[in-house]
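Enquirer: There's a structure below that I have some questions on.
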Amino acid sequence: MEWLLEIGKGIGKFFLDPLLYLGILYAVYLGYIRVKRERRNFHIRIQDGWFETRMYLGKGLICGLIFSVITLLIGNIIPLAFVLTVSAVTILFSIILRPGLLSPAYTMGTGFFLIMLINMYQIEVPIFQNLFAQMDTAIIPGAAFLTGLLLLVEGLLVFKNASQHTSPKLIRSKRGMNMGVHESKRLWMVPLLFLIPADVLSVPFDFWPVVPIGQSTFTFLFIPYWIGFGSQIRSVHPSLGIKGQGKQVIWLGVLVTLIGAAGFWFEPAVIVAMGIALIGRLLISMVHYYQDSGQTYYFSKNHSGIVILDIIPGTAAEKMKLKIGEVIKTVNGIPVQNEQQYYEALQKNRAFCRLEVIDDNGENRFVSRALYEGEHHELGIITFGNENKWEQDVG
């Protein structure tokens, strides 16, 4: 009964945590700026304005549950001072409004090294000084292990979620050419159940915890942890480019987890693992940026046809299974080179549409579909033409 009571209190604190509601506001903001930009570029939005909010509230739940089960089975107790420091760092980084800074490598890593500095130099922390004074050591044995697991969660979310429904964007390159790119900005709320030191619950079994923790009593704390991601893709298919970053983050998470696990018995390994997490995640972003900016654009007007930059959900184009990156060569047997020709060709047959497209492999295929009232005007293809509003490439 005592365990259930403490778990209930932990869950109750989850809904009192301001991070939960600040995250909702952040996600709403991401949706707002995306819709505003898409309307400016294409006069229409692709996903609705609540898309990012749904991602925030839903996609990280299962990952958080799995993470919590693993950490509970191991029995790793994390000081409350560390949780509060990471939360403060998260809020601070969110002010910059760049979701990529909310990677666990940055928030957990910065929080860890801040606590080391506070303890080493005996820095007074207003209001929370007692919590920091209760810490036995400046090095938190389980911090790197938790960071590694959260990097695995980040990598999976990037691979599975951030690679889907990326947002198209129009830019004018430094050479004055009209180009298309895709970007993905995500914020996920991952609910985490932590064990924190407290004179409430005693260790229930002799064989638990699996690793030494130096604490004999604990309680539960349930927090809405944020994981963020932001990236712009221009040289490859957006899904492929983001999935590649997700794989790299997963491998970084595996490395940090393995080294971090050794930190339960050998404290210097924790510092090494946290350093690898910070530097490794930064390198992944930098290498992607410089490799991507050094290649030719995947979406450009240097094609003999209409480039499909995106597909509006629920439209005829989606039902015809047209794909991002394909090139429409002919419409109803008429070759098209620009948007005007494309729309004129659609008007030739208001009841039926037959398209010849070139897929990613350079092979031609034909798709056709009966059209209903209004669909000849709104087939659902996002492309770019002279009437679009272009933004300057700052990459």
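The values are calculated or read from the model by the stated rules, or taken from the named source; none is laboratory data. Note that the coordinates shown come from a computational prediction; the quantities given were computed from them, not determined experimentally. In this analysis, Cβ positions are derived from the backbone assuming ideal geometry, glycine residues included, and neighbour counts consider all displayed protein chains. Keep in mind that these areas ignore ligands, DNA and RNA; they rest on the heavy atoms of the full protein, side chains included. Shrake-Rupley method; radii C 1.70, N 1.55, O 1.52, S 1.80 Å.
Enquirer: Specify the residue that is nearest to L379 (Cα to Cα); the eligible residues are those in region 300-321 that are among the polar types (S, T, N, Q) and outside any strand (DSSP E or B). Walk me through how you get there before you give the answer.
Expert: Our first condition is that a residue be among the polar types (S, T, N, Q); within region 300-321, this holds for 300, 302, 304, 315.
Going one step further and asking which of them are outside any strand (DSSP E or B), we end up with 302, 304, 315.
Working: N302: 23, S304: 20, T315: 6 Å.
The extreme case among them is T315.
Enquirer: So, one more: Could you list, in sequence order, all residues of region 295-334 that are of a type outside the set (S, T, Y), surrounded by fewer than 18 Cβ atoms within 10 Å (Cβ to Cβ) and within 18 Å of S235 (Cα to Cα)?
Expert: Correct list: Q295, K301, N302, H303, K323.
Enquirer: What number of residues within region 273-306 are of a type in the set (V, I, T) and in contact (Cβ under 8 Å) with a residue 24 or more places away in the chain?
Expert: If we filter region 273-306 for residues that are of a type in the set (V, I, T), which is where we start, we get 276, 279, 284, 287, 296, 306.
Subsequent filtering for residues that are in contact (Cβ under 8 Å) with a residue 24 or more places away in the chain retains 276, 284, 296, 306.
Count: 4.
Enquirer: A further question on this structure: Which numbered condition trips up T257, out of (1) among the hydroxyl-bearing types (S, T, Y); (2) in a helix (DSSP H, G or I); (3) more than 30 Å from N76 (Cα to Cα); (4) open to solvent by less than 40 Å² (accessible area, probe 1.4 Å)?
Expert: (3)
Enquirer: Further question on the same structure: Can we say I324 is touching a helix residue (DSSP H, G or I) at 6+ places or on another chain (Cβ under 9 Å), modelled with pLDDT of 85 or more and outside any loop (DSSP other than H, G, I, E, B)?
Expert: No, not satisfied.
Enquirer: For I96, indicate whether it is at pLDDT 90 or above, β-branched (V, I, T) and not in a helix (DSSP H, G or I).
Expert: Working: at pLDDT 90 or above: yes; β-branched (V, I, T): yes; not in a helix (DSSP H, G or I): yes.
Here the answer is yes, as I96 does meet what is asked.
Enquirer: Hey, another quick one. Can you list residue pairs whose Cβ atoms sit under 6 Å apart, with the first residue in region 4-29 being in contact (Cβ under 8 Å) with a residue 60 or more places away in the chain and the second being part of a helix (DSSP H, G or I) and of a type in the set (F, W, Y)? Count only pairs 6 or more apart in sequence or on different chains.
Expert: Short answer, once both residue conditions are applied: G23/Y56; A27/Y56.
Residue by residue, here is whether (1) modelled with pLDDT under 85; (2) open to solvent by 10 Å² or more (accessible area, probe 1.4 Å) holds:
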| site | (1), (2) |
| --- | --- |
| E154 | no, no |
| K160 | no, yes |
| L170 | no, no |
| K185 | no, yes |
| W188 | no, no |
| L192 | no, no |
| A198 | yes, yes |
| V203 | yes, yes |
| P209 | yes, yes |
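Enquirer: Take F82 and tell me if it is in a helix (DSSP H, G or I), more than 23 Å from the chain's Cα centre (by Cα) and more than 17 Å from T257 (Cβ to Cβ).
Expert: yes
Enquirer: Which number in (1) modelled with pLDDT of 95 or more; (2) open to solvent by 70 Å² or more (accessible area, probe 1.4 Å); (3) touching a helix residue (DSSP H, G or I) at 6+ places or on another chain (Cβ under 7 Å) marks the one condition that R45 misses?
Expert: The number of the failed condition is (1).
Enquirer: Enumerate the pairs (first residue in region 44-55 and farther than 18 Å from F384 by Cβ; second residue anywhere and open to solvent by 30 Å² or more (accessible area, probe 1.4 Å) and assigned to a loop (DSSP other than H, G, I, E, B)) with beta-carbon separation below 6 Å, excluding pairs fewer than 6 apart on the same chain, so at least 6 apart or on different chains.
Expert: Listed pairs, sorted by first residue: Q47/H165.
Listed here are the residues, each with its yes/no results for (1) among the polar types (S, T, N, Q); (2) under 30 Å from I33 (Cα atoms); (3) open to solvent by 20 Å² or more (accessible area, probe 1.4 Å); (4) free of Cβ contacts under 8 Å to residues at least 40 places away in the same chain.
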{"position": "C63", "(1), (2), (3), (4)": "no, yes, yes, no"}
{"position": "S68", "(1), (2), (3), (4)": "yes, no, no, no"}
{"position": "I77", "(1), (2), (3), (4)": "no, no, no, no"}
{"position": "F93", "(1), (2), (3), (4)": "no, yes, yes, yes"}
{"position": "L101", "(1), (2), (3), (4)": "no, yes, yes, no"}
{"position": "P126", "(1), (2), (3), (4)": "no, no, yes, yes"}
